[in-house]
Amino acid sequence: MTLSAATVTAIHAEVARYPSKKTALLPALKLAQKDRGWLSKETLGEVADLVGLPHSHAVELATFYAMLFTEPVAPVRVEFCIQLPCALAGAEAALDKAAKLLDVEMQGTHGTRHGHTKDHQIELHGTVECYGACHRAPMCRVGDDYVENLKTDDDLKKLVGDLKIRAQQAPGH
Ligand code: FES
């Protein structure tokens, strides 16, 4: 499966914007991921060709950068920051409540906690990567969006309602 024409055009625009091809690679990979959901070996090669770099550069960056996925992910991926400042504000409890509301069985411990809904449409993760929104903790990242101040049960119910809507609107649903 190849990238959409719109994504190819957007990647060309990124390449034209930067003096160095290497600088354009990360935004190009993000665009490709937005288009395809994750970065397969074929997609990485396609992006590298569009940017004009060896495939190995794209593979290296994709495996290094935590926000790029080289394995398939659910259409809705949710990452709760459970780094210390967020943990002190109740992030683990917020993650537990979201998991309960979505009937998700969590596995792993602390920064490796993860689970998914039975239909595989929504993934929950605990991460120790600070998103720079500690002052509005507890918070989570849904795709590129931040959902902050998840302090009450109502906040979490609203989050879960929004996640279900996103899952229904995901391509291929
Ligand atoms: S510690 Fe969670 S956003 Fe900074």
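The values are calculated or read from the model by the stated rules, or taken from the named source; none is laboratory data. In this text, all values refer to a predicted model and were calculated from it rather than measured experimentally. Don't worry about glycine lacking a Cβ; one is built from the backbone with ideal geometry, like all the others, and counts go over all protein chains shown.
Side notes on the structure shown:
- Condition broken by GLY90, with the remaining ones in (1) within 16 Å of the ligand (Cβ to nearest atom); (2) of a type outside the set (D, E, K, R); (3) buried (at least 19 other Cβ atoms within 10 Å of the Cβ) satisfied: (3)
- Unique residue being within 14 Å of the chain's Cα centre (by Cα), in a helix (DSSP H, G or I) and touching a residue at least 24 places away in the same chain (Cβ under 8 Å) when the list is ALA99, ALA94, ALA62: ALA62
- Just one residue in the set ARG77, ARG36 is more than 16 Å from the ligand (Cβ to nearest atom), touching a residue at least 60 places away in the same chain (Cβ under 8 Å) and among the basic types (Lys, Arg); that residue is ARG77.
- Of everything in the range 114-142 that is part of a loop (DSSP other than H, G, I, E, B) and away from the ligand (no atom under 16 Å from the Cβ), the residue that is nearest to the chain's Cα centre (by Cα) is GLN121.
- Applying the condition of being at pLDDT 95 or above and out of contact with any helix residue (DSSP H, G or I) (no Cβ under 7 Å at 6 or more places or on another chain) to the range 41-75 and asking which residue is surrounded by the fewest Cβ atoms within 10 Å (Cβ to Cβ) yields SER56.
- Among residues of the range 147-164 that are part of a helix (DSSP H, G or I), those with a Cβ under 6 angstrom from a residue that is of a type in the set (D, E, K, R), sequence gap 6+ or separate chain, pair up as LEU156/LYS97.
- When residues in the range 16-46 are screened for being part of a loop (DSSP other than H, G, I, E, B) and among the polar types (S, T, N, Q), 2 of them pass.
- No other residue among LEU95, LEU101 is modelled with pLDDT of 95 or more, farther than 17 Å from ALA170 by Cβ, hydrophobic (A, V, I, L, M, F, W, C) and surrounded by fewer than 19 Cβ atoms within 10 Å (Cβ to Cβ) apart from LEU101.
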